[in-house]
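Everything below concerns the one structure shown next.
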Amino acid sequence: MISVVIPAYNEEENIAQCLVSLRHQTVPRSEYEIIVVDGDSKDQTREIAQKYADRVFIQTSRKVGGARNDGIMAARGDVVATTDADCIIPPTWIETIKKGFEDKEIVQLYGPVYPIEESINNSISLLCANTFSRLGYYTRIFYYTLGCNTAFRKDAFIRAGMYLCIDAGDDLEIALRMKKSGQVKFDNAMKVGFSMRRYQQYGSLRSLYEWMYIVAHGGEVQKYGYTKKGYK
């Protein structure tokens, strides 16, 4: 059993396409579950999610990291994958994760992203992000793991202390603790369609600067509106 955890807040315009893509995987539906953890949305996010997901509930922990933690603690699977409500998941995603964890040494698996909104600027932005991720992995200097496209062995994740409940950088920091209990692996085949809507709204350079600023200051900075996604 693989459990897929999706944090969501006011995503009524996007979550259906994410969940539909998750329901059309190359592995049997009985081999995975879909869990949506809602940040007390003010729109129809929960109602839409209930049409497609196995479980939908309101988070009790803080911020997006806490929402992921809540979902993982409720998961029935030995392997837990996380993605975002505005992502589109290719049909081989869960199959790729399943094959990756056949190696008993692996405790965390992650992969690249591609833009849902096709444009030259978006393609260049994510090409840079993927190159950065590969560079970190192959040099073993850092692990640029994104919460929209990562998977864990549940028991190792809990032992590592789970996600920090901060504004940004929680998905980068977790790998530093996970690698103490096993192998953290980058898999090129584990791709996810990533929404560039916030980057388009605020600008890629500004968004990157704000993310780096917040991570450098410990993940808790209220200065920038870009990171305020509304999770409890």
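The values are calculated or read from the model by the stated rules, or taken from the named source; none is laboratory data. It should be emphasised that the depicted structure is a prediction, and the values quoted were computed from it without experimental measurement. Note that each Cβ is placed from the backbone with ideal geometry, even for glycine, and that neighbours are counted across all protein chains shown.
One residue is enough: does the stretch 140-153 have a residue meeting the conditions in a helix (DSSP H, G or I), touching a residue at least 24 places away in the same chain (Cβ under 8 Å) and of a type in the set (A, V, I, L, M, F, W, C)? No, the stretch 140-153 contains no residue that is in a helix (DSSP H, G or I), touching a residue at least 24 places away in the same chain (Cβ under 8 Å) and of a type in the set (A, V, I, L, M, F, W, C). Does G182 qualify as being modelled with pLDDT of 75 or more, more than 22 Å from E13 (Cβ to Cβ) and surrounded by fewer than 20 Cβ atoms within 10 Å (Cβ to Cβ)? For G182, the condition - modelled with pLDDT of 75 or more, more than 22 Å from E13 (Cβ to Cβ) and surrounded by fewer than 20 Cβ atoms within 10 Å (Cβ to Cβ) - is met. Of the residues in the stretch 50-57, not one is in contact (Cβ under 8 Å) with a residue 60 or more places away in the chain and touching a strand residue (DSSP E or B) at 6+ places or on another chain (Cβ under 9 Å).
Condition check ((1) of a type in the set (A, V, I, L, M); (2) at pLDDT 95 or above) across all residues:
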| residue | (1), (2) |
| --- | --- |
| T26 | no, yes |
| I34 | yes, yes |
| Y52 | no, yes |
| F57 | no, yes |
| K63 | no, no |
| I89 | yes, yes |
| V113 | yes, no |
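Scanning the stretch 22-54 for residues that are surrounded by fewer than 19 Cβ atoms within 10 Å (Cβ to Cβ) and closer than 22 Å to P91 by Cβ turns up R23, H24, T26, V27, P28, R29, S30, E31, K51, Y52, D54.
Set side by side, the residues I120, I106 differ, and just one is more than 15 Å from G182 (Cα to Cα) and either in contact with a helix residue (DSSP H, G or I) (Cβ under 6 Å, 6 or more places away or on another chain) or β-branched (V, I, T) (or both), which is I120.
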